[in-house]
Amino acid sequence: MISDEGLTELALAAGNGDRGALEEFIRSTQRDVWRFVTHLGNKLSSKGDILDCPVALTPCAIPCRCGGGRSRSV
């Protein structure tokens, strides 16, 4: 498992356009995201609500991150 610092470095590199870093970021967070989305899916009234979840937009949001927090807290 990658460290929080390593994951943050990947997110920042991805935000600067590094496609390899984006792929590694997604690969490294896939298990956590899957667990989180499954948890949300069990609590949502409509499965369509999952599209409103910010996790679904993470790759689009990476350039907006200023690096003030850890990547796992996105």
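For the reader, a short list of remarks on this structure follows.
- For region 17-25, the condition of being modelled with pLDDT of 75 or more, in a loop (DSSP other than H, G, I, E, B) and exposed (fewer than 11 other Cβ atoms within 10 Å of the Cβ) holds for at least one residue.
- Against the list (1) surrounded by 15 or more Cβ atoms within 10 Å (Cβ to Cβ); (2) modelled with pLDDT under 70; (3) hydroxyl-bearing (Ser, Thr, Tyr), the condition residue 46 fails is (1).
The values are calculated or read from the model by the stated rules, or taken from the named source; none is laboratory data. Owing to the predicted nature of the structure, the values given are computational and were not obtained by experimental measurement. Methodologically, a virtual Cβ is constructed for each residue, glycine included, from the backbone with ideal geometry; neighbour enumeration extends over all protein chains shown.
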